[in-house]
Amino acid sequence: MTENPPYPSGATSPGREGFTCWVLTSGIAGCEVQTLGVAEALGLAPTVKRVAPGAPYRWIAPWGPAAPDASIAPPWPDLLIAAGRQSVPYARMIRKRAGGKTFVVMLQDPRVSPTQFDFVWAPAHDRLEGENVLSTLTSPHRLTREKLAAEAARIAPAVAHLPHPRIAVLLGGKSRAYTFSKDAAARIGTQLADLADRFHAGLMVTPSRRTGAAQTRIVREKLDGKAAIMWDGTGENPYFGFLGQADAIIVTSDSVNMIGEAAFTGKPVHVIELEGGSPKFRRFLDGIYASGAARPFAGTLESRACTALDATSEIADAIRHALETRHRSAPR
């Protein structure tokens with residue numbers, strides 16, 4: 001770890017009364033999930049801060065200064081957990097203005113030197129290096145063993161009619177790296193229907209906002225008459241409940257977060273590789289296949305022992321250790 005300034009706060013660790021924490025993002029759901037997941041793994045109930053800098057500040061982030069924001073003001077927290085490009089200037093500003101009081105954690109590659117923060121986490125496929133950098137194969141999230149069990153129990157009546165093996169199907173969609181065409185939806189729907197027939201399986205399908213109305217309809221039509229339920233977008237998303245109830249999981253390749261949450265369960269994970277991709281996604285997928293936590297979907301189910309991946313706890317433990325090390329080395 002890099003050398004840190006003295007840590008003068010009376011609340012020296014997340015376990016101490018009075019320890020304060022902010023999570024800071026631009027409101028992007030994926031970034032907020034990561035910051036909240038790490039804070040909660042530390043046992044904290046953080047204050048949520050969202051920034052929305054206007055031009056030209058948003059254009060020059062992460063390299064430029066932070067835009068004025070009345071909500072980003074003293075008293076500074078003991079711990080700041082930030083994620084996303086727009087949050088970088090604020091994290092850098094808070095670290096400077098707090099004069100060493102605030103321990104600043106940056107999640108994801110900040111695109112500036114990691115030495116500008118106290119601790120940086122980045123996914124392994126970003127290939128970021130530094131003395132204060134931790135890399136893990138999967139990303140942090142808010143899923144816990146307790147939440148899995150609770151959500152599985154909550155939806156149990158809705159899936160009680162489905163046979164085993166039960167398969168959770170997590171559908172993403174179009175992204176900067178991937179496309180999700182109607183033809184792809186038809187192919188996936190046909191494969192899922194075949195699984196239901198060949199394995200006498202029950203399907204629990206949840207599309208995302210990126211799946212697309214036409215693609216969702218196509219998959220739903222392919223599953224008509226099968227032992228399947230598909231979330232219609234109303235009410236609370238049964239996503240976590242499906243993961244808890246599943247014997248196996250099928251997930252599309254467009255979301256590192258979804259694949260990571262699936263891999264957290266320790267159940268067999270099958271990845272449907274959509275059209276497109278990028279070098280980073282290729283490195284991520286190859287890495288998770290090599291770990292044994294997932295395999296490419298080949299139109300069938302495999303029963304196998306799997307490695308459960310828990311990046312959230314690993315990141316939280318590393319932050320806790322860094323805070324304790326910093327406190328011990330502070331002048332008395």
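Using packing as a proxy for protection, rank 80-90, 165-175, 219-229 so that the peptide with the highest average count of other Cβ atoms within 10 Å comes first. Mind showing how you got there, number by number?
Details: 80-90: 26.2, 165-175: 22.2, 219-229: 16.6.
Result, highest mean first: 80-90, 165-175, 219-229.
Hey, with R₀ at 56 Å, roughly what FRET efficiency would Ala158 and Arg111 work out to, going by the Cβ-Cβ distance, to 0.05?
On the way: r = 43 Å, r/R0 = 0.77.
Efficiency, from the Cβ-Cβ distance: 0.80.
With each label point set 7 Å from Cα along the Cα-Cβ vector, what nm distance links Ala70 and Arg187?
Output for this residue pair reads 5.4 nm.
With +1 assigned to the C-beta of every Lys and Arg and -1 to the C-beta of every Asp and Glu, and no other charges, what is the dipole magnitude of the chain about the Cα centre in debye, to the nearest 20? It would help to have the intermediate numbers written out before the result.
Working: 38 positive and 31 negative charges, 135 e Å.
For the chain, the charge dipole is close to 640 debye.
Go through segment 25-76 and name the chymotrypsin sites (Phe, Trp or Tyr not before Pro) that are in a DSSP coil and have 15 or fewer other Cβ atoms within 10 Å of their Cβ. List each step's numbers first, then the result.
On the way: sites: Tyr57, Trp59, Trp63; in loops: Trp63.
Qualifying residues, ordered by number: Trp63.
Taking 25 Å as R0, compute the FRET efficiency from the Cβ-Cβ separation of Glu146 and Asn237 and round it to 0.05. Don't jump to the answer; show the numbers that get you there.
Working: r = 18 Å, r/R0 = 0.73.
For R0 = 25 Å, the calculated efficiency reads 0.85.
Apply the Karplus parameterisation 6.51 cos²θ - 1.76 cosθ + 1.60, with θ equal to phi minus 60°, to every residue of segment 230-240 and state each ³J(HN,Hα) to the nearest whole Hz, in sequence, with x for glycine and proline.
9, 4, 8, x, 9, x, 6, 5, x, 3, 5
Once the Cα atoms of helix 182-198 and of the chain are each reduced to a long axis, what angle between those two axes, in degrees from 0 to 90 to the nearest 10, is obtained?
60
Enter the angle in degrees (range 0 to 90, nearest 10) between the Cα long axis of helix 29-41 and the first principal axis of the Cα atoms of the chain, meaning the one along which they spread out most.
That helix lies at roughly 70 degrees to the long axis.
Taking loop as defined by DSSP and a crowding limit of 14 other beta carbons within 10 Å, which chymotrypsin sites (Phe, Trp or Tyr not before Pro) in segment 260-332 fit? Walk me through the intermediate numbers first.
On the way: sites: Phe264, Phe281, Phe284, Tyr289, Phe297; in loops: Phe297.
Nothing satisfies the criteria.
Straight-line reach from Lys182: which lysines have a Cα under 17 Å away, not including same-chain ones fewer than 8 places off?
Lys174, Lys222
What distance in nm separates the two pseudo spin-label positions at Arg97 and Ala214, each 7 Å out from Cα along the beta-carbon direction?
Placing both labels 7 Å beyond Cα along the Cβ direction yields 4.8 nm.
Considering the options Pro62, Thr138, Val104, tell which one lies farthest towards the positive end of the dipole of segment 62-198, charges being +1 on Lys and Arg and -1 on Asp and Glu at the Cβ, about the Cα centre.
My answer, from the dipole projection, is Pro62.
Around Ile272, which amide H atoms from residues at least 5 apart in sequence, or from another chain, sit under 5 Å from its own amide H, with H modelled in the peptide plane?
Correct list: Val251, Thr252, Ser253, Phe297.
Evaluate E = 1/(1 + (r/R0)^6) for Ala227 and Arg58, where r is the Cβ-Cβ distance and R0 equals 35 Å; express this FRET efficiency to the nearest 0.05.
Computed FRET efficiency for Ala227 and Arg58: 0.15.
What list of ³J(HN,Hα) couplings, whole Hz, do you get for segment 216-224 from phi and the Karplus terms 6.51, -1.76, 1.60, once you set θ to phi - 60° and write x for glycine and proline?
4, 5, 4, 4, 4, 5, 5, 9, 4
What is the log10 of I(q)/I(0) for segment 20-83, computed with the Debye formula using one identical point scatterer on each Cα and no solvent, at q = 0.22, 0.23, 0.28 Å⁻¹?
After summing over all Cα pairs, the log10 values are -0.94, -1.00, -1.23.
Specify which labelled value, from (i) -0.32, -0.52, -1.19; (ii) -0.48, -0.74, -1.31; (iii) -0.26, -0.43, -1.28, agrees with log10 I(q)/I(0) by the Debye sum over Cα atoms at q = 0.07, 0.09, 0.15 Å⁻¹ derived from the coordinates of the model shown.
Structure-derived value, by its label: (i).
When the chain is modelled as a GNM with alpha-carbon springs shorter than 10 Å, which of Thr252, Thr144, Thr179 fluctuates the most?
Largest GNM mean-square fluctuation: Thr179.
A short reminder: the numbers here are calculations on the coordinates, not readings from a lab. Since the structure is predicted, the reported quantities are computational estimates derived from the model, not experimental observations. In this analysis, Cβ positions are derived from the backbone assuming ideal geometry, glycine residues included, and neighbour counts consider all displayed protein chains.
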